[in-house]
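Here is the structure we will look at.
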Amino acid sequence: MTVQRNWFSFEVILKDDERAFLTREGRFVKLVGPGKYSAFDPGHELAAEIVKVVRAEIPAERALMLAKAHPEFAAEHFEIVQAGPTQVALVSFDGDPKHLVLPNTTRAFWKTLTKVEVERIETAEDFRVARQHLNKVDAARAGVIVQAVVEAHEAALLIVDGELKERLGPGRHAFWAVGRAVRLPKIDLRPQPLEVTAQEILTKDRVAIRVTLTAFYKVTDPVLAATSTGDLGNTLYRLVQFAIREAVATRTLDDILAARDAIDREVREFVTERVRVLGAEVGEIGVKDVILPGDIRELLNKVVEAERVAKANLIRRQEETAATRSLLNTAKLMENNPLLLRLKELEALEKLVEKVGRIDLHTGNQGGGFEALLSKLYTIEAETLPPKVNG
């Protein structure tokens, strides 16, 4: 693009994708095409405004002004798009979607070298965005499209101007937010954990304890869950807190420590009945921890330790009694059976000899050697042996 001026002439050189608005003293004369244009202009009255015309937009005010002053010229070179209050217009350049004209908006585009196609979409009755339109529009930048991708484990609700319209299943959903407020809240249908943190509760015997619980719940009716409470998780949290307070306040500390399963069952029954009307169900609820005050905990530790010591003493006494009874039975057997007594003596002698490292034999003056020593050391008298029975 080149504009030259000398004393008597005006000259402009344009590229293929350029055009020039030629004006004389500010008034439009004509549109200059590509190439070299020269005109006699001794008074320097001519001026040229160079513009790009390939896939380009022209200010709507200027296009409308030229359409009124030069209708044939404007119809040849401009595509003026005006969208109504409930309309949007999809503008394509050579078959390629490029612009979305919003409601109550006017935009103008050059069609000198570009094929401009306009598709107007009425959103008053059917405000769902068609699949073919959604694929052509950048929904994030459009500003008038509300969309959501619903996963297989989710459900979504279509709420228009605060009114619930329908439940949406898995998939991609988009709606025109033209003249209306559209929301697509999503609800997770999978089981959700709920941790109920420690809260201080007085037992029936006036002991302050803290109890923590873990619960699992899931939404069974998304519509009911969305319309019955603003925050299902928080509502369930308060219900569990109230249920555990009722269960603990009516029991003593010993009952609570001994009947945790009963407390779990009581809390579950209380909560299950009330969350059903909220569109949810409770799976498992369990007492996770029972935290006692420091002095109570020390006292219980002492009680447990004393019980263990008493149990150990009882076991030891039982073992001693059993051992004594066994010795008494053995003594009675030995009393009636001298041979058994001798065998026990031999066992004792054997254990004694195992601990002897050295043995010195002294047979005395009478002699007799080792055999005489053994016969004197241990002898089983013949009269003590049982009588021999002849067959």
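The values are calculated or read from the model by the stated rules, or taken from the named source; none is laboratory data. Fair warning: this is a prediction, and the values are worked out from it, not measured in the lab. Reconstructed Cβ throughout: ideal geometry from the backbone, glycine too, with neighbour counts over all protein chains shown.
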Across (1) without any contact (Cβ under 8 Å) to a residue 12 or more places away in the chain; (2) touching a strand residue (DSSP E or B) at 6+ places or on another chain (Cβ under 8 Å), residue 71 clears everything bar (2)
Taking residue 195 as the residue in question, decide whether it is charged (D, E, K, R) and buried (at least 18 other Cβ atoms within 10 Å of the Cβ).
-> no
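Matching residues to (1) closer than 14 Å to residue 282 by Cβ; (2) assigned by TED's automatic domain parsing to the domain that holds residue 158; (3) among the acidic types (Asp, Glu); (4) in contact (Cβ under 8 Å) with a residue 40 or more places away in the chain:
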site	(1), (2), (3), (4)
204	no, no, no, yes
208	no, no, no, yes
227	no, no, no, yes
232	yes, no, no, yes
237	yes, no, no, yes
245	no, no, no, yes
256	no, no, no, yes
260	no, no, no, no
263	no, no, no, no
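Out of 163, 200, I need the residue that is closer than 30 Å to residue 253 by Cα and free of Cβ contacts under 8 Å to residues at least 12 places away in the same chain. Which one? Full working, then the answer.
Values: 163 fails: closer than 30 Å to residue 253 by Cα.
Answer to the check: 200.
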Would you check if there is a residue in the range 210-221 being out of contact with any helix residue (DSSP H, G or I) (no Cβ under 9 Å at 6 or more places or on another chain) and of a type in the set (Asp, Glu)?
no
Taking the range 17-57 and keeping only residues that are of a type in the set (Asp, Glu) and not in a strand (DSSP E or B), one is left with 17, 25, 41, 45
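Yes/no per residue for (1) in contact with a Cys (Cβ under 9 Å, 6 or more places away or on another chain); (2) surrounded by fewer than 10 Cβ atoms within 10 Å (Cβ to Cβ); (3) at pLDDT 75 or above:
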residue	(1), (2), (3)
319	no, no, yes
326	no, no, yes
342	no, no, no
355	no, yes, no
388	no, yes, no
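Looking only at the range 249-273, count every residue that is in a loop (DSSP other than H, G, I, E, B) and surrounded by fewer than 17 Cβ atoms within 10 Å (Cβ to Cβ) and tell me the total. Outline the logic, then answer.
Of all residues in the range 249-273, those in a loop (DSSP other than H, G, I, E, B) come to 250-252, 259.
Retained after the next criterion (residues that are surrounded by fewer than 17 Cβ atoms within 10 Å (Cβ to Cβ)): 250, 252, 259.
Of the residues in the range 249-273, 3 are in a loop (DSSP other than H, G, I, E, B) and surrounded by fewer than 17 Cβ atoms within 10 Å (Cβ to Cβ).
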Going through (1) among the aliphatic types (A, V, I, L, M); (2) free of Cβ contacts under 8 Å to residues at least 24 places away in the same chain; (3) within 24 Å of residue 89 (Cβ to Cβ) one by one, residue 177 fails only at (2)
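Filter the range 123-141 for residues that are buried (at least 18 other Cβ atoms within 10 Å of the Cβ) and of a type outside the set (Val, Ile, Thr); which is farthest from residue 191 (Cα to Cα)? Reasoning before the result, please.
Narrowing the range 123-141 to residues buried (at least 18 other Cβ atoms within 10 Å of the Cβ): 123, 127, 129, 133, 137.
This time we only want the ones that are of a type outside the set (Val, Ile, Thr), so: 127, 133.
Working: 127: 33, 133: 36 Å.
Top of the filtered list is 133.
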Picked from the range 99-115 (must be free of Cβ contacts under 8 Å to residues at least 40 places away in the same chain and more than 14 Å from residue 82 (Cβ to Cβ)), the residue surrounded by the fewest Cβ atoms within 10 Å (Cβ to Cβ) is 115
Quick count over the range 31-68, residues being farther than 27 Å from residue 97 by Cα, of a type in the set (Lys, Arg) and touching a residue at least 12 places away in the same chain (Cβ under 8 Å), is 1
By residue number, the members of the range 74-95 that are assigned to a loop (DSSP other than H, G, I, E, B) and touching a residue at least 60 places away in the same chain (Cβ under 8 Å) are 85, 86
